[in-house]
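The values are calculated or read from the model by the stated rules, or taken from the named source; none is laboratory data. Since this is a predicted model, take the numbers as computed values, not measurements. Here the Cβ positions follow ideal geometry from the backbone for every residue, glycine too, while neighbour counts run over all protein chains shown.
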Amino acid sequence: MGWDFETEPEFQKKLDWMETFVREEIFPLETLAEHWRSDAGRAQFKSITDPMKEEVKKKGLWAAHLPPDMGGLGFGQVKLGLMHEILGQTPYGPSIFGNNAPDSGNAELIAVGGTEQQKKDWMEPLLAGKYRSCFSMTEPGAGADPTLLTTNAMLDGDEWVINGHKWFSSNASVSDFLLVMARTGDADTSAYKAFSMFIVPTKTKGVNILRDVPTMGEPDHKTGEPGGHAEIIYDNVRVPFDSIVGGKDGIGQGFALAQKRLGPGRIHHAMRWLGQSRRAFDIMCERSLSRYTHGSILAEKQMIQDYIAESYAERQAARLLTLQAAWKMDQLHAAGKHYSDARVEIGVIKFWGAKVLYNVIDRAIQVHGSLGYTTDLPLESMYRHARAARIYDGPDEVHKVTVARQVLKDYRPHEVPSEHVPTRRRAAIEKFAEYLEGVDG
C-alpha cells in the first residue's frame with residue numbers, strides 16, 4: 001500500500017533548485033514588464049531568458065509535461081504538480097521551463113492524436129521552444145457548449161477549405177501554427193463525431209487575425225503581444241488533406257482530441273494556481289506581521305487570523321485535491337487508460353482551485369488595505385487575472401454539473417429514505433427478534 005506524502009530526495013533537490021532559480025532569476029523580470037512590450041524589448045527579453053532556458057535544460061527540467069514516449073521527460077502529473085506550485089508563482093515561470101499554456105496542451109494533443117509526420121513537423125519544434133502555438137476552438141456564439149460551433153471545413157479535391165469566426169484563440173497573434181476545430185460532418189452526423197482538428201500555419205492565406213481582445217486581466221493589451229486572446233476570421237483557408245490531426249483517421253475525432261487536451265490542461269491550470277495562491281498567502285502573512293494599527297500588529301487581530309486560517313485550510317484542500325487527481329492520472333497512464341476516468345477529480349480541482357485562488361488573493365488585498373489595491377504590489381494584477389480562472393477551459397458551472405452527474409451514478413433512488421428510522425427499526429426488530437423476547441421497549 002503506497003500512501004505517503006513525501007517527495008523523493010533526488011526530486012526534492014530539483015524542487016529546491018527551482019525555488020531559488022525562480023525567485024532570484026525570474027521574479028525580477030516582472031518588475032520590468034513594460035520594457036518587454038515593444039519589439040526591441042521582446043528581443044531583449046529573449047536574450048535574457050534564452051540562457052535561463054538552457055540552464056533549465058541542463059538541469060533536466062525542460063518540457064516535463066510529456067512522458068518519454070511522447071517526447072518529454074516522463075515526470076508524470078504528480079511531479080509536474082509540485083513543479084508548477086513553484087513555477088505558477090510568476091507568469092514567466094512556465095515558459096522558461098518549457099511547459100506554458102497553450103503550448104503544453106497543444107503538444108500533448110499532437111502527441112496523443114497526431115501522425116508521426118505531424119509530431120516531427122509540429123510537436124518536436126514546439127517542445128524545443130522553436131514554435132509557439134494556438135488552440136482555436138471558442139467562437140462568439142459557442143463557448144461552454146462546443147456542439148454549437150459553426151466553423152466548417154469542406155473537402156475540395158485534396159484540400160480542406162476552412163471558413164468561420166473564432167475568438168479567444170489564445171496566443172494566435174504570436175503563434176506559428178493554430179489548432180483549429182471545424183465541422184467536417186453533415187447535418188445528420190452526431191455532433192460529437194462531426195468535428196475535426198486541423199493544424200493550420202498562422203501565415204496561411206485567409207487567416208485574418210482581427211485583434212487581440214483586451215480583457216479584465218490585461219485591459220491595455222495590444223495585438224501582437226504575447227499572451228493575447230485573438231478574434232480570427234477564417235476566410236476560405238486552404239490546407240492540405242493531411243492537415244487534420246491524425247490524418248484520415250482523425251476525421252470526426254475533434255471532440256475526443258479536445259478532451260484529451262483539456263483534461264491535462266485543466267489540471268496544469270490548477271497546479272499553477274497553487275503557486276499563485278501560495279505567493280498571495282506569503283504576501284498576506286508577511287504584511288500581518290509587519291503592519292501595526294490600533295495597538296497591535298495585524299497578526300494579533302482575530303479577523304486577520306481568520307483570513308489566514310481560512311486561506312491555509314482552503315489552500316491545503318486545493319493542494320491535496322490537485323495532487324490526488326494528479327496521482328490518479330499517473331495511475332491511469334501507467335495502466336494504459338485515458339485521463340477521462342479522472343474526470344471527477346479534474347472537475348473538482350478546476351472549480352475548487354479557481355475559487356481558492358480568488359479567495360486567497362482577495363483576502364491578501366484586504367489585509368493590505370489601500371496598498372493592496374495599488375500597482376505597487378502584484379496583488380491587483382493577480383486578482384484581475386484570477387477572475388478568468390472560473391471561465392476558461394470550461395466555466396465552474398459546467399464542471400460542477402459534470403462532478404454531480406458522475407457522483408450521482410453511485411446512488412439509487414428510494415421511495416422510502418434508506419435511513420428512515422421507523423423502517424430501519426422494524427427491520428432491526430425482525431433481525432434480532434430472538435434477542436429481544438421479553439425485553440421492554
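Numbers below:
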read-out: Flag if TYR392 is at pLDDT below 95 and either in contact with an Asp or Glu (Cβ under 8 Å, 6 or more places away or on another chain) or in a loop (DSSP other than H, G, I, E, B) (or both); value: yes
read-out: Answer residue from the range 368-389, given it is of a type outside the set (Asp, Glu) and outside any helix (DSSP H, G or I) and is nearest to the chain's Cα centre (by Cα) among those; value: PRO378
read-out: Qualifying positions in the range 289-305 - under 34 Å from the mean Cα position of the chain (by Cα) and either crowded, with 20+ Cβ neighbours inside 10 Å or of a type in the set (Val, Ile, Thr) (or both); value: ILE304
read-out: Given (1) within 30 Å of GLU30 (Cβ to Cβ); (2) in a loop (DSSP other than H, G, I, E, B), number of the condition GLU419 does not satisfy; value: (1)
read-out: In the range 175-233, the residues that are among the small types (Gly, Ala, Ser) and touching a residue at least 40 places away in the same chain (Cβ under 8 Å); value: SER175, ALA182, GLY185, ALA191, ALA194, SER196, GLY206, GLY217, GLY224, GLY227, GLY228, ALA230
read-out: Strands (runs of 3 or more DSSP E) lying entirely in the range 138-253 (those with 1 or more residues that are surrounded by fewer than 20 Cβ atoms within 10 Å (Cβ to Cβ), aromatic (Phe, Trp, Tyr) and assigned by TED's automatic domain parsing to the domain that holds ARG42); value: none
read-out: Cross-chain or 6+ apart pairs with Cβ under 8 Å, the range 33-48 first and more than 11 Å from GLU225 (Cα to Cα), then basic (Lys, Arg) and loosely packed, with under 14 Cβ neighbours inside 10 Å; value: none
read-out: Where a residue in the range 325-340 is in contact (Cβ under 8 Å) with a residue 12 or more places away in the chain and its partner, wherever it lies, is of a type in the set (Ser, Thr, Tyr), with Cβ under 9 Å and at least six apart; value: LYS328/TYR339; MET329/TYR339; HIS333/TYR339
read-out: Boolean, TRP17 is exposed (fewer than 12 other Cβ atoms within 10 Å of the Cβ) and either at pLDDT 95 or above or at negative phi (or both); value: no
read-out: Test: residue in the range 69-80 that is closer than 18 Å to GLY265 by Cβ, buried (at least 19 other Cβ atoms within 10 Å of the Cβ) and without any contact (Cβ under 8 Å) to a residue 12 or more places away in the chain; value: yes
read-out: Set ARG291, ARG319, ARG272, ARG278: member being touching a strand residue (DSSP E or B) at 6+ places or on another chain (Cβ under 7 Å) and of a type in the set (Lys, Arg); value: ARG291
read-out: Helices (runs of 4 or more DSSP H) contained in the range 80-132 and holding at least 3 residues within 26 Å of GLN12 (Cα to Cα) and of a type in the set (Asp, Glu); value: none
read-out: Of the criteria (1) among the basic types (Lys, Arg); (2) without any contact (Cβ under 8 Å) to a residue 40 or more places away in the chain; (3) surrounded by 12 or more Cβ atoms within 10 Å (Cβ to Cβ); (4) over 21 Å from GLU345 (Cα atoms), which one ARG384 fails; value: (2)
read-out: From ILE361, ILE391, ILE346, ILE365, residue being outside the structural domain of MET216 (by TED's automatic domain parsing), of a type outside the set (Phe, Trp, Tyr), within 20 Å of LEU332 (Cβ to Cβ) and out of contact with any Cys (no Cβ under 6 Å at 6 or more places or on another chain); value: ILE346
read-out: Number of the condition not met by GLU10 [criteria: (1) assigned to a helix (DSSP H, G or I); (2) at pLDDT below 95; (3) surrounded by 15 or more Cβ atoms within 10 Å (Cβ to Cβ)]; value: (3)
read-out: Out of PRO240, PRO226, PRO214, PRO201, sole residue that is out of contact with any Leu (no Cβ under 7 Å at 6 or more places or on another chain) and over 27 Å from MET123 (Cβ atoms); value: PRO214
